[in-house]
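Presented below is the structure to which this report refers.
The values are calculated or read from the model by the stated rules, or taken from the named source; none is laboratory data. Worth saying up front: this structure is predicted, and the values here are computed from it rather than measured. Methodologically, a virtual Cβ is constructed for each residue, glycine included, from the backbone with ideal geometry; neighbour enumeration extends over all protein chains shown. Accessible surface areas use protein heavy atoms only, side chains included; no ligands, DNA or RNA. Shrake-Rupley method; radii C 1.70, N 1.55, O 1.52, S 1.80 Å.
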Amino acid sequence: MALLSLLAGVALGLSLAAPPGPMNALIANETVVRGWKAGFRAGLGAMAADAVFFGLAYGGVVAFLQHAPTLQAAMKVAGGVLLCYFAYGAARSARAGAERTDSGAGFRKTFLAALTNPMQVVWWLTAGVALLDPGTVEAFGYALTVSNGALTIVGFFGGILLWITGFPATLRAAGEKVASLERVVGYASAVVLVAFGVLFVAGSLPVLL
């Protein structure tokens, strides 16, 4: 059924985009500091990285990563260092305030961070491969049988787009009611980013040392 295939793709996209993690911390920080457009652009950066991963998966590179633990570990280190650097920027913005003009910085941040994000890589090594030859799609603990792979792919990116549109909009609406939200989200984002950054680097050490 075409509609089920589309909805399965949406659920799969949301299963990647919605869970708490470093990407949503970056999107949240960009949103409260520079506005909805900046948060949306940051979301587009993560979405662009997923498009790259999809292309790599289609070309077999993602499958190659399954058998390259040293490369995965190096990616963890690079991603961890990036997240710690972004955490510093988020904390500085929360402490001193930031320029509210829109820029493409958020897109670049999430694009680079997503490409080296072990959580994203693991997702593509597991649930993400279902997009290449969909039959049964698993998302949020449920399995859905699909019949139209093209519609599932469209739904997947549609689900991500839905999240990166709605999540910043919700934050902006909340920010209009809570005056201190910018500072709270800024510090919370910094904590999340540095925690994941340290976790990624620490997780790579047993492989690299």
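Which FRET efficiency value, to the nearest 0.05, do you get for residue 150 and residue 126 by plugging their Cβ-Cβ distance into 1/(1 + (r/R0)^6) with R0 = 25 Å? Write out the running numbers ahead of the final one.
On the way: r = 22 Å, r/R0 = 0.87.
Efficiency for this residue pair is about 0.70.
Grab the alpha carbons of region 33-73, take their convex hull, and tell me the volume per residue in Å³.
Values: hull volume 2.7 nm³, N = 41.
Measuring per residue, one finds 65 Å³ for the Cα hull of region 33-73.
What accessible area, in Å² to the nearest ten, does a 1.4 Å probe give for residue 85?
150
For region 1-87, evaluate the Debye formula with one uniform point scatterer on each Cα (no solvent term) and list log10 I(q)/I(0) at q = 0.13, 0.25 Å⁻¹, rounded to two decimals.
Computed log10 I(q)/I(0) values: -0.59, -1.28.
How would 124, 163 line up by accessible area, probe 1.4 Å, largest first?
Numbers: 124 0, 163 65 Å².
Final ranking, largest accessible area leading: 163, 124.
Any idea how far apart residue 195 and residue 105 come out in nm if each label point goes 7 Å out from Cα toward Cβ?
Each label point is offset 7 Å from its Cα along the Cβ direction, giving 2.4 nm.
If I ignore ligands, DNA and RNA and count only protein heavy atoms, how much of residue 172 is accessible to a 1.4 Å probe, in Å² to the nearest 10?
Counting only protein heavy atoms, residue 172 exposes about 80 Å² to solvent.
Once both labels are modelled 7 Å past Cα along the beta-carbon direction, what's the residue 209-residue 61 spacing in nm?
Going from the residue 209 label point to the residue 61 one covers 3.1 nm.
I need the calculated FRET efficiency for the pair residue 183 and residue 2, taking r as the beta carbon distance and R₀ as 41 Å, to the nearest 0.05. Spell out each step's value before the answer.
Numbers: r = 47 Å, r/R0 = 1.14.
Once rounded, the FRET efficiency stands at 0.30.
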